[in-house]
Amino acid sequence: PISLSLIRRRNAYGENLLHRAVAHQDFDLVQNIIKSGGNVNDTDYAGWTALHTASIEGFYEIANKLLKAGADVNARGIDQRTPLQDAVTEGHYKVYSKLNTIYALGI
């Protein structure tokens, strides 16, 4: 397991280990962070969650994993944008479809 102190350590942008794992599309590390108790709804200094990054980049499998772990589909960054809006703006319709299903179900 990964220590929570390592998971929570932030860089100059306020990103923790989960944010960086998603940005590097490291599914195994994302999974290990979640199993170790990492908070999938932690935000960086821009108010982004790991789900925002997965949505912007179109990382469907990671977005799905984050959602299953309780990521908030309605999380808003300081720009007030949600992961759902980010997926649409970037043209990642598979991710959008998954996020929209979760949103519609109210999960």
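Given Cα pairs under 8 Å that are at least 6 residues apart, what percent is the relative contact order of the chain? Reported relative contact order: 22 percent.
When the chymotrypsin sites (Phe, Trp or Tyr not before Pro) in region 13-107 are filtered for DSSP coil states and for at most 13 other beta-carbon atoms within 10 Å of their beta-carbon, the remaining sites are Tyr13, Tyr45.
Judged by the ratio a/c of the largest to the smallest principal axis of the C-alpha gyration tensor, the chain counts as prolate, that ratio being 1.5 or greater while a/b is larger than b/c. A Gaussian network model of the chain, with springs between Cα atoms under 10 Å, assigns the largest mean-square fluctuation among Leu66, Leu18, Leu29 to Leu29. Loop sites by DSSP among the trypsin sites (Lys or Arg not before Pro) of the chain, restricted to those with at most 15 other Cβ atoms within 10 angstrom, leave 11-107 as the longest stretch without any of them.
Spin-label pair Thr101-Ala46: with each label point 7 Å from Cα along the Cα-Cβ axis, the two points sit 2.8 nm from one another. All other residues whose Cβ lies under 14 angstrom from that of Lys94 are scored, Lys and Arg at +1 and Asp and Glu at -1, for a net of -3.
Readers should treat all values here as calculations from the given coordinates under stated rules, not as data from a laboratory. Keep in mind that what you see is a predicted model, and the values were worked out from it rather than measured. Note that each Cβ is placed from the backbone with ideal geometry, even for glycine, and that neighbours are counted across all protein chains shown.
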